[in-house]
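Colleague: Sending over a structure as structure tokens; questions will come in a sec.
The values are calculated or read from the model by the stated rules, or taken from the named source; none is laboratory data. Every value quoted in this text rests on a predicted model; they were computed, and no experiment measured them. A quick note on method: Cβ atoms are made from the backbone with ideal geometry, for glycine too, and the neighbour counts reach across all protein chains shown. These accessible areas exclude ligands, DNA and RNA; they are computed on the full protein's heavy atoms, side chains included. Shrake-Rupley method; radii C 1.70, N 1.55, O 1.52, S 1.80 Å.
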Amino acid sequence: MNCDMKRSISLYSYQDEYYDGKLDLEGCLRETAKTGATGVELLAEQMIKKFPLPIETEEFREQWFGWLEKYHLTPSCYDAFLENRIFDNRTLCLGEQINMMKRDIRLASLLGFHNLRTLVSTPMEVIEGSLAYAQQMDVRIGLEVHAPFSLNSGWADGYMEMIHRTGTKYF
């Protein structure tokens, strides 16, 4: 069996160097390329100053794609942190959370990502409410899974039911 495995690096790996000012976003991409990786996972909220505004500009996107070309990298995964507690006095309502997810799907698409990873705490209703837009933008939503959660536990059953019920290929 021939496996064409490719390596992708999460820019989370460089967060200390980034916050200490030793690397900027381009520096993180350069270091990623030095490892031999061809893909990059972007944590836009961490690595793009004044997020999300720069992504909206053609200038930033030209620079982003220029760096990807320069370092022979491809966008592999866009991380989305659904921050549903941005206000001190309330949690965002479902519609606000879905709009935030749609924003991240759109930003991922603008930067060339076809995969978006969201946190395990993202409500299923938010994911389901974003599926049509994810399909429209050709961005698949993946859910972060780590201990104590497991795909082989009852925890994942609701997600599997939602996938079967909706017939989605985008989660």
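Colleague: Show me the trypsin sites (Lys or Arg not before Pro) within the stretch 53-153 that DSSP assigns to loop and that have at most 14 other Cβ atoms within 10 Å of their Cβ.
Modeller: Passing sites in the stretch 53-153 are R85.
Colleague: What's the long-distance tail for the stretch 122-171, i.e. % of Cα pairs beyond 14 Å?
Modeller: When all Cα pairs of the stretch 122-171 are counted, 52 percent exceed 14 Å.
Colleague: Here is a further query. Please report, as a whole percent, how much of the solvent-accessible surface of the stretch 44-171 comes from carbon and sulfur atoms (probe radius 1.4 Å).
Modeller: Numbers: 3850 of 7150 Å².
Carbon plus sulfur share of accessible area: 54 percent.
Colleague: What do you get for the angle between helix 58-70 and the principal long axis of the chain? Use alpha-carbon atoms, 0 to 90 degrees, nearest ten.
Modeller: Computed tilt is about 70 degrees.
Colleague: If the cut-off is a Cα-Cα distance under 20 Å, which aspartates and glutamates reach K50, setting aside same-chain residues fewer than 8 apart in sequence?
Modeller: D16, E17, D20, D24, E26, E41, E58, E59, E62, D79, E83, D104
Colleague: Still on this structure: Would you kindly compute the Cα radius of gyration of the stretch 28-92 and its largest Cα-Cα separation (Dmax), both in Å?
Modeller: Spelled out, the Cα radius of gyration and Dmax of the stretch 28-92 are 14.5, 46 Å.
Colleague: Hey, can you grab everything whose amide H is under 5 Å from the amide H of G142? Only 5+ residues off in sequence or another chain; H modelled, so Pro and N-termini drop out.
Modeller: L116, R117, T118
Colleague: OK, next. Normalised by the number of residues in the stretch 34-171, what is the relative contact order in percent for Cα pairs under 8 Å and 6+ residues apart?
Modeller: On the way: 163 pairs, mean separation 28.8, N = 138.
Relative contact order, the stretch 34-171: 21 percent.
Colleague: Let me ask you something else. Going by alpha carbons, how many degrees (0 to 90, nearest 10) lie between the helix axis of 124-137 and the longest principal axis of the chain?
Modeller: Tilt relative to the chain: about 50 degrees.
Colleague: Compute and list, largest first, the equivalent-ellipsoid semi-axes of the chain from the alpha carbon gyration tensor, each √(5λ) rounded to a whole angstrom. Could the numbers behind the result be given before it?
Modeller: Working: eigenvalues 150, 82, 52 Å².
Over the Cα atoms of the chain, the semi-axes work out to 27, 20, 16 Å.
Colleague: Once the Cα atoms of helix 94-110 and of the chain are each reduced to a long axis, what angle between those two axes, in degrees from 0 to 90 to the nearest 10, is obtained?
Modeller: Long axis of 94-110 versus the principal axis of the chain: about 30 degrees.
Colleague: Averaged per residue, what accessible surface does the chain expose to a 1.4 Å probe, in Å²?
Modeller: Values: 9870 Å² over 171 residues.
I get 58 Å² per residue for the chain.
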